[in-house]
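Written out below as structure tokens is the structure these notes cover.
Each value in this text was obtained by applying a stated rule to the coordinates, not by laboratory testing. The model shown is predicted, which means the values in this text are computed figures rather than measured ones. Using ideal geometry, Cβ is built from the backbone for each residue, glycine included, and neighbour counts are taken over all protein chains shown.
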Amino acid sequence: MSQAQPRTVSAAPALPASWARPRGGALRAALPRLVLGLYLLFLLVPIYWLVNMSFKTNLEISSAMTLWPREPTLENYRRIFTDASWYGGYINSLKYVLLNTLISLAVALPAAYAFSRYRFLGDRHLFFWLLSNRMAPPAVFALPFFQLYGAVGLFDTPWAVALAHCVFNVPLAVWILEGFMSGVPREIDETAAIDGWSFPAFFIRLFLPLVAGGVGVAAFFCFMFSWVELLLARTLTTVNAKPIVATMTRTVSAAGMDWGLLAAAGVLTIIPGAVVIWFVRNHIARGFALGRV
Amino acid sequence: MSKPRNERAWLLVLPVVVLVAFSALIPVMTVVNYSLQDTFGNNEFFWNGVGWFRELLDPSTDLGGRFLDALWRTLLFSALCLLIEIPLGIGVALTLPRRGWGVAASLVVLALPLLIPWNVVGTIWQVFGRRDIGLLGAALNGMGLSYNYAQNPLDAWFTVVLMDVWHWTSLVVLLCYAGLRAIPDAYYQAARVDGANGWAVFRAIQLPKLQRVLTIAILLRFMDSFMIYTEPFVVTGGGPGNATTFLSIDLVKIALGQFDLGKAAAMSIVYNLIILTVCWVFFATTTRDQNDAVTDAGGKGP
């Protein structure tokens with residue numbers, strides 16, 4: 001009742017219209033903030049719960065629901081940093097993620113340039129074929145990869161996982177870079193050719209700095225999709241190159257539920273991603289437009 | 001528009017072709033090869049022709065029934081994810097401020113779920129939903145709802161879909177936000193002069209300008225939700241019963257669990273073809289509309 005009143009009152013010509021308007025305006029201005037705030041809260045609460053658990057003892061986790069640790073402990077983290085089978089997992093993961101990012105960019109850069117600058121025999125088919133690999137479920141590749149990398153002797157090395165992840169990262173990198181490169185006017189290429197630049201010199205010293213943003217975005221996406229993938233990484237490794245994500249699943253199922261340790265390991269896998277985001281935070285919006293909007 | 005024709009460009013594409021051929025073409029050929037054969041172990045193979053495919057697409061057989069059940073579950077899951085995530089993503093993107101200190105902070109929080117390894121996402125929700133040690137499970141049960149994702153199929157679905165919304169809506173938000181930022185201020189000024197309200201601005205300006213990013217968002221979300229494996233596997237393990245056994249989970253079970261190579265390979269091919277077909281049809285129809293729009297605009301021009 002009382003909420004409906006101001007509107008009817010403001011409709012009467014005797015009262016100043018500005019009286020009702022700021023109220024509606026203030027509410028309208030606050031509503032998006034409220035929705036956004038609630039949504040961000042929804043994103044953060046599950047992560048908070050994991051962080052919260054990682055600082056608890058297993059006794060406290062299983063005995064009571066507490067919103068923050070009563071007896072904060074670093075024991076879970078200490079175990080991870082002192083046990084080679086745990087911290088080795090992080091190093092293995094970082095190895096193949098970095099390898100994959102480097103390989104993906106190295107092959108995708110010239111290809112993206114070709115797609116953005118020239119027409120050639122079968123170019124459209126090739127582009128769609130590349131993208132179609134992004135659409136193949138990793139589950140489809142798990143078994144043949146297992147045999148392929150076993151046959152060529154790369155099984156259980158970071159190379160196997162890095163190459164396997166190229167199946168979905170290379171097409172994505174080509175796609176992103178092609179978008180950014182198409183935004184650079186072709187006159188630059190022509191002028192450089194007239195000025196006597198050789199192609200490699202032009203490409204590395206003149207062209208790459210112009211699409212540096214795109215390279216950063218492509219690297220971000222390669223890092224992201226390689227870092228988060230589990231199925232192929234787990235299938236292609238056993239002992240020496242075992243990534244942290246696989247360590248987590250195996251240890252948990254074998255040794256019963258050590259929730260505190262699991263939570264701490266999980267928190268540590270979030271950190272590299274958070275660091276990367278922090279560095280690219282000012283470019284995220286543009287990057288997600290994939291350079292083409 | 002008119003790119004010069006130059007066949008030497010193939011030299012630049014060659015590394016990609018070699019790499020992807022090695023890591024995609026060889027496995028695909030292996031899969032095709034297996035799909036036509038049967039094995040009783042010991043690396044002995046027998047020609048089976050299209051037998052596996054016939055069995056797979058016939059709902060009355062054991063394999064066919066299992067495949068179709070998993071297919072419907074996966075389609076339902078993808079549909080639910082798209083129906084929730086796309087509108088929610090657009091909505092949240094519209095609430096993001098255009099400038100100010102809040103933008104960077106919001107974007108960082110939004111991007112956070114995207115960079116968490118998928119099995120950790122599963123772990124987070126596995127813990128979060130448990131009634132004994134998880135906040136969500138305890139809160140729901142505290143409100144008098146009996147919620148147990150490990151035993152009740154409906155609760156399992158609720159958890160898995162909520163997890164996917166949590167995990168991936170941010171991608172839609174970031175894509176849409178990038179699209180919204182690309183709209184020149186002049187459009188909004190024109191709308192203000194015309195006295196358009198918020199809804200009219202959304203329908204006439206924002207939504208049409210978002211078409212391209214939304215195409216990308218829908219494609220990516222369809223593909224990835226249709227291929228989902230790790231997250232539901234960690235949370236529910238495909239259960240209770242087979243309630244959340246999606247295609248990928250079933251496929252891995254057959255391929256790496258039972259080592260039924262022929263069946264798994266045939267299933268892989270049909271599975272992959274479904275994704276390719278859906279994406280191609282969707283892509284072809286949306287880009288044709290966009291091309292038509294461009295041609296129309298060109299016709300009306302000078």
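Per-structure values
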quantity	calculated
Exposure proxy ranking, count of Cβ atoms within 10 Å, fewest first, for A:MET224, A:MET65, B:MET163	A:MET65, A:MET224, B:MET163
FRET E, pair B:VAL50, A:ALA26, Förster distance 45 Å, beta-carbon r, rounded to 0.05	0.10
Burial ordering of A:ILE61, A:ILE188, fewest other beta-carbon atoms within 10 Å first	A:ILE188, A:ILE61
Global form of region A:81-288, assessed from the alpha-carbon gyration tensor, a/c cut-off 1.5	prolate
Other protein chain Cβ atoms within 10 Å, averaged over every residue that makes up A:232-241	1
Structure-based [θ]222 nm, the protein assembly as shown - -39500 (n - 2.57) summed over DSSP H runs of at least 4, per residue, nearest 500	-22500 deg cm²/dmol
Order of A:PHE141, A:PHE223, B:PHE283 - criterion: other Cβ atoms within 10 Å of each residue's Cβ, fewest first	B:PHE283, A:PHE223, A:PHE141
Helix runs (DSSP H) in chain B reaching 24 Å along axis by Cα, Kyte-Doolittle at least 0.0	B:62-95, B:153-181, B:261-300
Magnitude of the charge dipole, region B:63-295, Cβ model with Lys/Arg +1 and Asp/Glu -1, debye to 20	360
Prolate/oblate/rounded label for chain B (Cα gyration tensor, a/c 1.5)	oblate
Alpha carbon centroid spacing (whole Å) that separates region B:202-231 from region B:1-34	27
